[in-house]
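Worksheet for the structure shown next.
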Amino acid sequence: MVPAGGPEYAVYEKKIVDASFPAVAEPLDGPVCRELAATAARHGIRLVAGVVETSEQENRAYNTLVAFGPEDGRLAVYRKIHLFDAQGFGESTYITPGPSTEPVVFVAGGSGVRPDDLRSLLVDPMEYVEVDFGLEPGVRAAEVSLGTVARVKEQFPMFRQRRRG
């Protein structure tokens, strides 16, 4: 089991990833994505949502993020490649990693982000802000505790799961 929620799995609300995820998975041209695309077009917005997408593997699905535009339909697709297999959870039991390690980029345009919202932060894997570098451009340095790095690596053994493209 793995906790589910947030932007991931936005269209299938369940607290854990289990065998029901592959069962509810749909292709990207299925009813859920068609409705998401129609919603983006109807409201003239860009919409990004996490969906459970069918995969080629039996009893496993993709954890997919899909972006839709008001005129363009589907703008981008990202299939999660780093699955959450830590702290007793095993997302990879029911979800298969995406095939690509290449970044997925799309132009959102008019996203509403203001320049004064953009800050440089050093955030550890536990989402603790170690250093807020502020708004000014430049080169900054910060000390990172090797003890913290070791503790986080033990809690989240992602390097053992790393895939090279």
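Each reported figure results from applying straightforward, stated rules to the coordinates on display, with no laboratory input. Small disclaimer: the values here were computed from a predicted structure and weren't measured. FYI the Cβ positions are ideal-geometry reconstructions off the backbone, even for glycines, and counts take in every protein chain you see.
Counting only residues 5 or more places away or on other chains, whose amide H sits under 5 Å from the amide H of residue 90 once H atoms are built in the peptide plane?
The list, which skips near neighbours in sequence, is 2.
Which aspartates and glutamates have a Cα lying under 19 Å from the Cα of residue 153, excluding residues fewer than 8 positions away in the same chain?
85, 91, 124, 127, 130, 143
Using a Förster distance of 22 angstrom, determine the FRET efficiency expected from the C-beta separation of residue 23 and residue 102, and round it to 0.05.
0.15
Once you have the Cα-Cα distance between residue 155 and residue 71, take 0.36 nm times their residue separation minus that, and quote the gain in nm to one decimal.
Full-extension gain reported as 25.9 nm.
Sorted by mean Cβ packing within 10 Å, highest first, what order do the peptides 87-97, 139-149, 14-24, 59-69 take?
Packing proxy ranking, top to bottom: 59-69, 87-97, 14-24, 139-149.
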